[in-house]
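Working notes, beginning with the structure itself.
No value in this document is a laboratory result; all are computed from the given coordinates. Note that the coordinates shown come from a computational prediction; the quantities given were computed from them, not determined experimentally.
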Amino acid sequence: MTVALHPSERAALRRRRAPDPWRLWREAAVIAVPITLVLAALMAAALAWSGAFALGGGTRPQTRTAGSPAQSSPGSGTTGTAPLPAEPAGRPMPASATATGVTPAAPFSLRSASALDRARATECLTAALYYEAVSEPDDGLRAVAQVVLNRVRHPAFPASVCGVVYQGVERGQGGCQFSFACDGATTRVPVRSGWARAARVAAAALGGYVYAPVGLATHYHTYAVTPAWNRTLVMTDVVGAHFFHRWKGFWGTAAAFHQRYAGSEPALSPAPRLATPVIALNHPAAVAPLTPAAIPATQVQPAFRDSGRPLKPQPAPAPAPESQILDRWKNSGKPLR
């Protein structure tokens with residue numbers, strides 16, 4: 001039996017069956033608010049630990065103490081770092097020390113260098129570009145070359161190109177500023193086309209070309225590496241797979257890059273990875289010929305005792321029988337006249 005409902009009852013029944021949007025929002029808020037608060041607390045703790053809250057302010061760089069060594073490269077794809085000398089007394093802080101823009105470096109010059117120093121500087125810079133960034137585009141090579149030359153003019157580093165590239169090789173494995181000089185990468189024979197490309201970029205940089213986007217960067221690292229000095233420097237640019245950084249404060253300004261090129265390029269070489277490398281770049285090791293070991297005849301199975309001996313001469317084949325082709329078919333297959 002069907003019971004007729006009053007219009008007001010039917011309206012109340014429809015409202016009861018329809019979903020309440022506010023109830024759904026309240027249930028979602030009960031779930032989302034605690035999760036949001038936990039994520040915010042974790043993010044704030046991470047930022048506070050990494051010092052990201054102080055990115056806008058300059059920190060006073062550390063001073064060099066007697067006998068404090070430079071920190072070597074922590075891994076492939078990153079540079080090492082070095083302690084900074086004391087800031088010059090009475091020198092006013094340049095306005096660029098707190099600026100956020102990128103200041104291009106001054107052109108590098110080898111006018112006062114000898115022919116030998118030019119050749120050694122070009123070879124050292126080419127090796128650094130090849131083994132550190134040969135897989136990068138040309139701008140990646142130019143950026144790495146700019147970092148090397150910026151270090152040459154910074155008082156925290158040696159005043160020669162080869163001295164910068166091979167800094168730390170005297171300490172042996174794991175002490176190099178550039179990882180390729182200690183990890184045995186130079187034992188690989190360079191690809192001729194890649195070496196020629198690196199040499200062109202090195203010659204241009206030593207001739208005065210400036211790669212402005214990285215500015216006064218003295219450090220870099222790849223996406224795969226996060227060195228400890230990353231939190232104390234200012235990033236200037238990202239080129240290819242490398243992040244480039246400069247120092248904060250006075251030592252990251254153009255006024256700090258006042259060191260003169262010393263010349264007298266040292267004849268340095270990468271630290272050997274092994275005391276006697278298996279494969280050398282220019283001196284391949286002699287390999288002794290292999291001689292098979294003698295096996296007693298009693299240990300040879302009867303079926304294989306004759307193996308290795310020359311075969312017996314085979315009898316001459318019997319003469320072929322006379323042709324049995326009929327005379328009318330002897331000329332078949334010959335071209336028609």
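Between the amide H of A105 and those of G215, distances stay under 5 Å, these residues lying 5 or more places away or on another chain, with hydrogens modeled in the peptide plane.
In the distance distribution for the range 124-244, Cα-Cα pairs more than 25 Å apart total 16 percent. Summary value for the range 116-229: 33 percent relative contact order, contacts being C-alpha pairs under 8 angstrom separated by 6+ residues. Each residue of the range 35-45 was assigned a 3J(HN,Hα) from its phi angle through the Karplus expression (A = 6.51, B = -1.76, C = 1.60, θ = phi - 60°), giving 5, 5, 5, 5, 5, 5, 5, 5, 5, 5, 5 Hz with x at Gly and Pro. Once backbone amide H atoms are built at 1.01 Å from N, T79 has Y220 as its partners under 5 Å, excluding neighbours fewer than 5 places away on the same chain. Taking amide H atoms as placed 1.01 Å from N in the peptide plane, the amide H of T236 lies under 5 Å from those of F244, H245, R246, each 5 or more residues away in sequence or on another chain. A full extension of the chain between V189 and W25 corresponds to an added length of 52.5 nm, given 0.36 nm per residue minus the alpha carbon distance. Multiplying the residue separation of S114 and E170 by 0.36 nm and subtracting their alpha-carbon distance yields 17.6 nm.
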